[in-house]
Amino acid sequence: MPKIPDQKVIEQIEAGIVAMLEEKGSGLSFVNLEEIPGFSGNEAMFSEKVNVLLWQGVSIEAIDAIFSLEDVGIIEFDSASLLRYRTDGKFLRLPLADLLTLSSIKKNFHKVYSSPHWLPMLFLKGENFQKQVVL
């Protein structure tokens, strides 16, 4: 049976992401977000449609928190370089997906890879970041 996400943990992760963006600014990697309590877990952010892995070792609550903040425009995603993740000390050993894949995933037209590829991502302040309600 699938695990039911804990809403309190989702809210704590959302608050942690917002606080980290306020403190460190835009351009956070998944490695940075792993510092947030409750973020790490046994799940993967993966698009089966295109065979692209965004990150592994996250909690279901972290996935919900990320997409919740993105849905309301508090955060945005952008592609990152492999160098950024190497600098942060952690990266996935998979072929890299094209930089255009992130926008392709969002628009539902996509290049489908025959084997898993990794799309390094950064988290940025979204257009509604300053308008956010205190979480």
- prompt: Residues F77, F39, F30: which one is among the aromatic types (F, W, Y), modelled with pLDDT under 95 and out of contact with any His (no Cβ under 7 Å at 6 or more places or on another chain)?
  reply: F77
field: Any hit, the stretch 49-59, residues being in contact with a Gly (Cβ under 7 Å, 6 or more places away or on another chain), assigned to a helix (DSSP H, G or I) and among the β-branched types (V, I, T)
entry: no
field: Every residue from the stretch 10-35 that is buried (at least 19 other Cβ atoms within 10 Å of the Cβ) and either free of Cβ contacts under 8 Å to residues at least 60 places away in the same chain or in a loop (DSSP other than H, G, I, E, B) (or both)
entry: I10, I13, G16, S29
field: Condition broken by K3, with the remaining ones in (1) out of contact with any helix residue (DSSP H, G or I) (no Cβ under 6 Å at 6 or more places or on another chain); (2) part of a loop (DSSP other than H, G, I, E, B); (3) more than 26 Å from K111 (Cβ to Cβ) satisfied
entry: (1)
- request: Taking K3 as meeting all but one of (1) at pLDDT below 95; (2) closer than 17 Å to G126 by Cβ, write down the number of the exception.
  value: (2)
- prompt: Residues of the stretch 70-100 being closer than 10 Å to G126 by Cα and in a loop (DSSP other than H, G, I, E, B), which ones?
  reply: V72, G73, I74
message: Among the residues in the stretch 115-125, are any touching a strand residue (DSSP E or B) at 6+ places or on another chain (Cβ under 9 Å), assigned to a loop (DSSP other than H, G, I, E, B), under 11 Å from S47 (Cα atoms) and modelled with pLDDT of 90 or more?
response: yes
- line: Within the stretch 83-96, of all residues that are surrounded by 11 or more Cβ atoms within 10 Å (Cβ to Cβ) and farther than 30 Å from A15 by Cβ, the one modelled with the lowest pLDDT is L96
message: Could you list, ordered by first residue, the pairs with Cβ atoms under 6 Å in which the first is in the stretch 107-132 and over 16 Å from I74 (Cα atoms) and crowded, with 16+ Cβ neighbours inside 10 Å and the second is at pLDDT 95 or above and hydroxyl-bearing (S, T, Y), at least 6 apart or interchain?
response: P120/Y85
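The values are calculated or read from the model by the stated rules, or taken from the named source; none is laboratory data. Just so it is clear, the model here is predicted, and its values are computed rather than measured. Positions of Cβ are backbone-derived with ideal geometry, glycine not excepted, and every protein chain shown enters the neighbour counts.
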